[in-house]
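Engineer: Sharing a structure with you now.
The values are calculated or read from the model by the stated rules, or taken from the named source; none is laboratory data. This structure is a prediction, so every number in the text was calculated from the model and none was measured. As a convention, Cβ positions derive from the backbone with ideal geometry for all residues, glycine included, and neighbour counts pool all protein chains shown.
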Amino acid sequence: MAKPDKKRSRLIFRGVVLLLLASAILFSIFSKDKVKVLEVGDKAPDFELVDTEGNVHRLSDFKGQGVFLNFWGTWCPPCKKEMPYIEDQYKAFSKKGVHVMSVNIAESKLKVDSFREQYGLTFPVVIDKTRDVRDLYNVVPLPTTFLIDKDGKIVKIIKQEMSEEEIISLMESVLPQ
Amino acid sequence: MSKIKCKCGHENPFGTVLCEKCGRPLTEEAKQSEVVDMRYEGSARRSQTYKRSIIDKIWNFFSSVKIGVSIIIAVLATSAIGTLFPQKFYVPVQTPEDLLAYYERLYGFIGTLYYKLGFYDMYNSWWFKVLIGMLGTSIIIASVDRVFPLYKSLKRQRTKRHPSFMKRQRIYGEGTALTPDLSLEKAEEKLKEMKYNVKKEDGAVLAEKNRFSRWGPYVNHTGLIIFLFGILLRGIPGFYVDDTMWIREGELRSIPGAPDYYLKSNQFIMEMYTKEEADEVFGKALDRVGSIVKNYQTDVSLYKKKEDGLPGSTDMEFVKDYSIIVNKPLKFDGYNIFQMDYRLNELKSMKMKLIEKETGDSFGEFTIDLDDPKGVYELENGATVNLIGYYADYAGVENGEPVSKSPVPNNPAFIFDMRTPEKPQGEKSFVAIQQTLETEENAYQVKFVSADTRHISGLTIRKDKTLYILLLGGIIFMIGVIQGSYWNHRRIWVQKGNDGNLLVAAHTNKNWFSLKKELESVKDYAGLPKYVDRRDTDIESEQEEGEK
C-alpha cells in the first residue's frame, strides 16, 4: 500500500518544484526596477522642503486633505503651460481641502521667484535643491504630478502636461469627503 | 507501471537496462549488444518510470538531455545574435521611433529586422528570460532525475556480477588460472596497493577508486543553479544598484539609488604626466599624442540624512571626505561610487562691469553666480544693476519672451535694469554671449569681463549584494569541473567462473589508457587471464591477426 502514497508524494514534489521554477521565471520577467518605484496605491512618502520665502513645508502637514503634488522646472514648456490652470484650480479647490504642493527641481530662488511673479502664483513653491525628493518619487520627465488622497495614498501619477479639465477632475478625485 | 523481474529474482523499476542486483542485461538492445552502455549504471532515470499526468509530462520534457542540449544551443545562438548590433542601452536615443530610425540608418534592412524582432533589448526580453529559466529548470530536473538513481545503484552495487554483465564490459578477459584463489588474493593485494577500495564476496573481487568523480557534473550543475539564483536576486529592490550621476563642483545632491545619502563634489582634478616625470616610460607616446592623463579624481564629501530626518530636509550629518580616483571607489554601506566620466569647464559665474558708453568710465564690477543669481547688484557711485531676467540656456525668443531650454548654464542670457544717478528711472538691456540688445539707445552698458568655470564629474553608483552568491556559484562550478575532469571512476571486477575459470572486467568513465595500465600490472602480478579492450580497434585487429 506504500506505492500509491509514494506516487502521490512524487507528484506533489514535482508539482512544487515546477511551480517554484515557473514563478522564478515570472519574477525575473516582471521585476523591472532595481529600486522601489512608487506606484498608484502606495503610501506617498513624507518629505520636507523649504519654499522661496523660507517656510518649511511637509507633506504630512496636509494629512486629511487631498494633495496635488506637481514637479516642474521654469525651463520646461509644458510646465509653463499648465501652471495658470493649476493656479486657477488651486483657488477653486483649496477651500474644499485640496492642496497644491509645487516642487521646483533645484533651480535658483531668483528664477523661481520671478516665475511665480510672472504667473501670479499664490500657492507656495518649494525647491528641491538636492534632488532628494525627485529621486524619492522617481520623477523622470517634467512635469510629473502625483495625486494624493486624504489618507496619504497615491491615487494617480501623471507624467505629462495636463489640460484644465484634467486638472479639475484630478483634484475632484482627491476631495476629502 | 510495471516492474521488470530479472532472472536472479530482483525486481527492477521500469526503464532499467542492467539489473540493479546482478547486472544482467534486461532490454533486448542490451542483450544483443556486445558492449553495454554503462551510463547511469544502466539504472532507470526517474522520469522514465511513468508518463501520466501533465506534471509528469512537463517533468519528462525537462529531464531529457536532448531538450537540455537544444535549450543550450538556443541560448548560445540568441546570445550571439544580441552581440551583432549594439543593444538599446548603448544607443544614444530613447524613443521607439528614434531607435527604429537608428538601426535602419546604420544597418539597413537587417537593422530594421533586428529592431522589429526585439533583438535591440534582447537580454531583458521576456523570451530570453524564459529561455534562461528553462535552462535552469532543465539543469535541475535532469540532475535530480539522474543523480539519485546513480547514487543508489553505485551504493547498492554487488561485488559478484552475473557473467553476462562481465562479458558485456568494454574490457573483458576470460581464461583458466592454475590457482584461482591465490590469483584472487594476489589481485586484491595489488589493487589495495594501488589505492583501490576492494570488496570481496563469494569468489569475487570488486576494486573501485575515485567514485566521487562521478558527482562532478552534479556539483557543477549545483554551482550553475546558485549562479542563476544570484542573478535572479538582482531583480529584488535593494540587492543590486547600477546608477549614474553627474555632479558639479560645489554641488550637493542626493545619490540616485542610495536613499538617505548625499554627495558634495568639492573638486574635480585631471592631471597630466609631465615630460620630466614620465620621460622614461611615456616619452615617445608623449611626443606623439601631446599629453597623457595621469589621474582623474573627484574630491567629495559624503553626508547622510539624520536618523529621524525627512527626505528633502537639509538636516544631514557629515560622514566622510574622500578622493574618488579610477578604481578606487568611495565605499559606504554596501555602495561603491566610481569615477567614470567628466566634463570640463562649464560656466559657473560671470563677472560683469557697468560702464558709461561714451566715456568708458566704470561703476565697478559684479559677479553673477549662474546657479544662484541675485536680484540686485550694488555698485559704486550710487549705481545698481537689477537682474530682472535670467535664461540659463538661452534658445531664442518665443511669444515675445526669451526662453531657456534647460536649467544648465550652457548659454546664459540676462535682462538688466541699470540705474545710475544720471538715469534713476533705469535703462533696460538684454545681454547674451556676444550680443547686447537695447530697446532704445542706452547711455550705459553692462559689459562682460570674465567667466569662471567648473568641472563636472560623472560617477557610477554600484551596489551588488549578489556578488558573493555569484562567487560561491562560480567556485562550486569549478570544483565540479575539477572533480569530474582530473579524477576518473575506475572499477575492476575479478571473479571465479563456473569451471575454474577466472573472469576479468573493468570499467572507467574516462581515461581508459590509465585503467589498462593499472589492470596490466594487476594481471602480471596475480596471473590473471588475458583481456581485450573491445572498443580499441587497433589492438583488436592485432590480436585477431595474432590468434590466426
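Engineer: Determine the pairs where a residue that is closer than 11 Å to B:Tyr196 by Cα, located within region B:487-501, has a partner that is at pLDDT below 90 with Cβ atoms under 7 Å apart, the partner being 6 or more residues away or on another chain.
Structural biologist: B:His489/B:Asn509
Engineer: So B:Val397 clears everything in (1) surrounded by 14 or more Cβ atoms within 10 Å (Cβ to Cβ); (2) part of a strand (DSSP E or B); (3) within 14 Å of another protein chain (Cβ to nearest Cβ) except one condition, right? Which one?
Structural biologist: For B:Val397, the exception is condition (1).
Engineer: Only one of A:Val35, A:Val16 is at pLDDT 90 or above, over 30 Å from A:Phe115 (Cα atoms) and either within 13 Å of chain B (Cβ to nearest Cβ) or not in a helix (DSSP H, G or I) (or both); which?
Structural biologist: Only one candidate qualifies: A:Val16.
Engineer: Hand me the list of strands (runs of 3 or more DSSP E) wholly inside region B:421-467 holding 3 or more residues that are over 17 Å from B:Phe363 (Cβ atoms).
Structural biologist: Ranges flagged: B:435-438, B:444-464.
Engineer: Name the residues in region A:108-149 that are among the acidic types (Asp, Glu) and either crowded, with 22+ Cβ neighbours inside 10 Å or farther than 17 Å from B:Val403 by Cα (or both), would you?
Structural biologist: A:Asp128, A:Asp132, A:Asp135, A:Asp149 - these are the residues of region A:108-149 that are among the acidic types (Asp, Glu) and either crowded, with 22+ Cβ neighbours inside 10 Å or farther than 17 Å from B:Val403 by Cα (or both).
Engineer: On to the next question. Being crowded, with 16+ Cβ neighbours inside 10 Å, over 26 Å from B:Arg454 (Cβ atoms) and acidic (Asp, Glu), is that true of even one residue in region B:403-420?
Structural biologist: So far as region B:403-420 goes, yes, one or more of its residues are crowded, with 16+ Cβ neighbours inside 10 Å, over 26 Å from B:Arg454 (Cβ atoms) and acidic (Asp, Glu).
Engineer: Taking region B:310-334 as the search range and keeping residues that are exposed (fewer than 15 other Cβ atoms within 10 Å of the Cβ) and not in a strand (DSSP E or B), which one is modelled with the lowest pLDDT?
Structural biologist: Here the residue is B:Asp315.
Engineer: Output the number of residues of region A:42-83 satisfying the condition of being at the interface with chain B (Cβ under 8 Å from one of its Cβ atoms) and either farther than 21 Å from A:Ile154 by Cβ or not in a strand (DSSP E or B) (or both).
Structural biologist: 8
Engineer: For region B:148-180, which residues satisfy the criterion of being more than 14 Å from chain A (Cβ to nearest Cβ) and among the hydrophobic types (A, V, I, L, M, F, W, C)?
Structural biologist: Listed by number, the residues that qualify are B:Leu150, B:Leu154, B:Phe165, B:Met166, B:Ile171, B:Ala177, B:Leu178.
Engineer: Scan (1) within 28 Å of B:Asp372 (Cα to Cα); (2) away from chain B (no Cβ under 14 Å); (3) in contact with a helix residue (DSSP H, G or I) (Cβ under 6 Å, 6 or more places away or on another chain) for the single condition A:Thr144 breaks and write down its number.
Structural biologist: (3)
Engineer: Output the number of residues of region A:93-113 satisfying the condition of being free of Cβ contacts under 8 Å to residues at least 40 places away in the same chain and farther than 20 Å from A:Ile154 by Cα.
Structural biologist: Total satisfying the criteria: 7.
Engineer: Just checking, how many residues over region B:105-137 are assigned to a helix (DSSP H, G or I) and at the interface with another protein chain (Cβ under 10 Å from one of its Cβ atoms)?
Structural biologist: So the count comes out to 12.
Engineer: Let me ask something else. Out of everything in region B:199-219 that is surrounded by 19 or more Cβ atoms within 10 Å (Cβ to Cβ) and aliphatic (A, V, I, L, M), what residue ends up being nearest to the other protein chains (Cβ to nearest Cβ)?
Structural biologist: Result: B:Val219.
Engineer: Could you grab me the full set of residues in region A:84-113 that are under 20 Å from A:Met171 (Cβ atoms), part of a helix (DSSP H, G or I) and within 14 Å of chain B (Cβ to nearest Cβ)?
Structural biologist: A:Pro84
Engineer: A follow-up question, please. Quick check on B:Val481: is it under 22 Å from B:Glu41 (Cα atoms) and modelled with pLDDT under 95?
Structural biologist: So B:Val481 does not fit the description; no.
Engineer: Which one of these does B:Gly360 not meet: (1) crowded, with 18+ Cβ neighbours inside 10 Å; (2) away from chain A (no Cβ under 13 Å); (3) part of a loop (DSSP other than H, G, I, E, B)?
Structural biologist: The one condition B:Gly360 does not meet is (1).
Engineer: Quick one: in region B:475-517, which of the residues that are in contact with a Ser or Thr (Cβ under 8 Å, 6 or more places away or on another chain) and part of a loop (DSSP other than H, G, I, E, B) is surrounded by the fewest Cβ atoms within 10 Å (Cβ to Cβ)?
Structural biologist: If we take residues in region B:475-517 being in contact with a Ser or Thr (Cβ under 8 Å, 6 or more places away or on another chain) and part of a loop (DSSP other than H, G, I, E, B), then B:Gly500 is surrounded by the fewest Cβ atoms within 10 Å (Cβ to Cβ).
Engineer: Of the numbered conditions (1) within 21 Å of B:Ser265 (Cα to Cα); (2) of a type in the set (A, V, I, L, M); (3) within 14 Å of chain A (Cβ to nearest Cβ), B:Val385 fails exactly one; give the number of that condition.
Structural biologist: Failing condition for B:Val385: (1).
Engineer: For region B:163-176, name all the residues that are buried (at least 19 other Cβ atoms within 10 Å of the Cβ) and closer than 13 Å to B:Leu502 by Cα.
Structural biologist: The answer is B:Met166, B:Tyr172, B:Gly173.
Engineer: Something else: Identify all residues within region A:77-124 that are within 25 Å of B:Asp371 (Cα to Cα), among the basic types (Lys, Arg) and within 22 Å of the chain's Cα centre (by Cα); write none if there are none.
Structural biologist: A:Lys80, A:Lys81
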